[in-house]
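A.B. asks: Could you have a look at this structure, given as structure tokens, before my questions?
The values are calculated or read from the model by the stated rules, or taken from the named source; none is laboratory data. Keep in mind the model is a prediction, meaning the values are calculated, not measured. We place every Cβ from the backbone using ideal geometry, glycine too, and count neighbours over all the protein chains shown. Just the protein is used for accessible areas: all its heavy atoms, side chains included, with ligands, DNA and RNA removed. Shrake-Rupley method; radii C 1.70, N 1.55, O 1.52, S 1.80 Å.
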Amino acid sequence: MAQRRQHQRAAEPGTPYPEALAAFGERVRLIAPDQWDAPTPCADWSVRDLVNHLTGEQLWIPELLTGATISEVGSRFDGDVLGDDPVAAWTGAADAAREAFAVPGATALTVHLSFGSVSGQYYLDQLTTDLVIHAWDLAKGIGRRTRLPARLVDFALGEFAGYGDLSGSGLFDPPLPVADDADPQTRMLALTGRHDRP
């Protein structure tokens, strides 16, 4: 296990990571017992698969912020991390991740991801964006209100707009055309190949 590095500054105030965690967690708690196998807008992912993915992402955060590499963590968070109580698993992972990023200087650290080393701030921004779009996916999958907080939408829209066409990654459908006067959430969804129609 890598030792915790010295932290040097507080987390950037402009990244709404705690709010994104809360938005996703709110929807996790709305999942009915018979909805865990329901489909979501993410191809091949059920509601449980989607929650498992985001829970796994949060489990990685305390490890990577202490300097661990992908190979050092290994397969510990592969497969099902939800167990018999998915809501509790999500809550525990989210709480630990939030605390890890709350440590002063967390965004100044170097984080070793699968594609290379990045700043803690880059990692935080990426995680926040993922939480925002998947909060919408989860709401869609369980038939709940899909309108997201404006601050989260504006943040994710700015991030997605800077990424360009994401379909080349194989993780997103091609961007969809939108009207010039489309609202921010519609534009955010369109950049990831999603639409908010019933």
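A.B. asks: Ignoring ligands, DNA and RNA, please state the percent of accessible area on the chain from carbon and sulfur, probe 1.4 Å.
C.D. replies: Working: 5170 of 9850 Å².
On the chain, the fraction of accessible area on carbon and sulfur atoms equals 52 percent.
A.B. asks: Residue-wise, which Karplus ³J(HN,Hα) couplings in Hz belong to region 146-161, taking 6.51 cos²θ - 1.76 cosθ + 1.60, θ = phi - 60°, and x for glycine or proline?
C.D. replies: Ordered by residue, 3J(HN,Hα) equals 9, 6, 9, x, 4, 5, 5, 4, 4, 5, 5, 4, x, 5, 4, 4 Hz.
A.B. asks: Shifting gears a bit: On full extension of the chain, what length is gained from ALA150 through ASP44, given 0.36 nm per residue of separation minus the C-alpha to C-alpha distance?
C.D. replies: 35.3 nm
A.B. asks: Report the FRET efficiency, 1/(1 + (r/R0)^6), for SER75 and ALA179, where r is their Cβ-Cβ distance and R0 is 30 Å, rounded to 0.05. Write out the running numbers ahead of the final one.
C.D. replies: Values: r = 46 Å, r/R0 = 1.52.
Computed FRET efficiency for SER75 and ALA179: 0.05.
A.B. asks: In debye, nearest 20: dipole of the chain around its Cα centre with unit charges on the Cβ of K, R (+) and D, E (-)? It would help to have the intermediate numbers written out before the result.
C.D. replies: Values: 16 positive and 27 negative charges, 82 e Å.
So the dipole magnitude of the chain works out to roughly 400 debye.
A.B. asks: Something else now. With +1 on the Cβ of every Lys and Arg and -1 on the Cβ of every Asp and Glu, and nothing else charged, how large is the dipole of region 85-142 about its Cα centre, in debye rounded to the nearest 20?
C.D. replies: Numbers: 2 positive and 6 negative charges, 18 e Å.
Dipole about the Cα centre, nearest 20: 80 debye.
A.B. asks: Say each of ARG98 and GLN35 gets a label point 7 Å from the Cα, pointing the same way as Cα to Cβ; how far apart are those two points in nm?
C.D. replies: 2.1 nm
A.B. asks: Write down the accessible area per residue of region 78-193 in Å², having rolled a 1.4 Å probe over the full set of protein chains. Don't skip to the answer; put the middle values down first.
C.D. replies: Details: 5330 Å² over 116 residues.
About 46 Å² of surface per residue is accessible.
A.B. asks: Sticking with this structure for a sec: Which cross-chain or sequence-distant (5 or more) residues have an amide H under 5 Å from the amide H of LEU113, H modelled 1.01 Å from N in plane?
C.D. replies: For LEU113, whose amide H was placed from the backbone, the distant partners under 5 Å are VAL118.
A.B. asks: Can you find, among GLY162, PRO104, VAL178, the residue sitting farthest towards the positive end of the charge dipole of the chain, where Lys and Arg contribute +1 and Asp and Glu -1 at Cβ?
C.D. replies: PRO104
A.B. asks: Convert each backbone phi in region 138-145 into a coupling constant with the Karplus relation 6.51 cos²θ - 1.76 cosθ + 1.60 (shift: θ = phi - 60°), then list the ³J(HN,Hα) values in order as whole Hz, x for Gly and Pro.
C.D. replies: 5, 4, 5, x, 9, x, 10, 4
A.B. asks: Also, quick follow-up: What list of ³J(HN,Hα) values in whole Hz, one per residue of region 39-48 in order, does the Karplus curve 6.51 cos²θ - 1.76 cosθ + 1.60 (θ = phi - 60°) give from phi, with Gly and Pro shown as x?
C.D. replies: With the stated coefficients, region 39-48 comes to x, 10, x, 7, 3, 6, 10, 7, 4, 5 Hz.
A.B. asks: Quote to one decimal, in nm, the extra length available between LEU113 and ASP196 on full extension: 0.36 nm per residue of separation minus the C-alpha distance between them. Can you show the working numbers first?
C.D. replies: Numbers: separation 83, 0.36 × 83 = 29.88 nm, distance 3.18 nm.
Here the answer is 26.7 nm.
A.B. asks: Right, here's the next one. Rounded, prolate or oblate: which one fits region 71-198, using the alpha carbon gyration tensor with axes a ≥ b ≥ c (rounded when a/c is under 1.5, else prolate when a/b beats b/c, else oblate)? Let's see the in-between values first.
C.D. replies: Working: a/c = 1.77, a/b = 1.39, b/c = 1.27.
Taking the square roots of the gyration eigenvalues as a ≥ b ≥ c, region 71-198 is prolate.
A.B. asks: OK, next. Cα gyration tensor of region 54-126, axes a ≥ b ≥ c as square roots of the eigenvalues: rounded (a/c below 1.5), prolate (a/b > b/c) or oblate? Could the numbers behind the result be given before it?
C.D. replies: Numbers: a/c = 2.40, a/b = 1.43, b/c = 1.69.
In terms of gyration-tensor shape, oblate.
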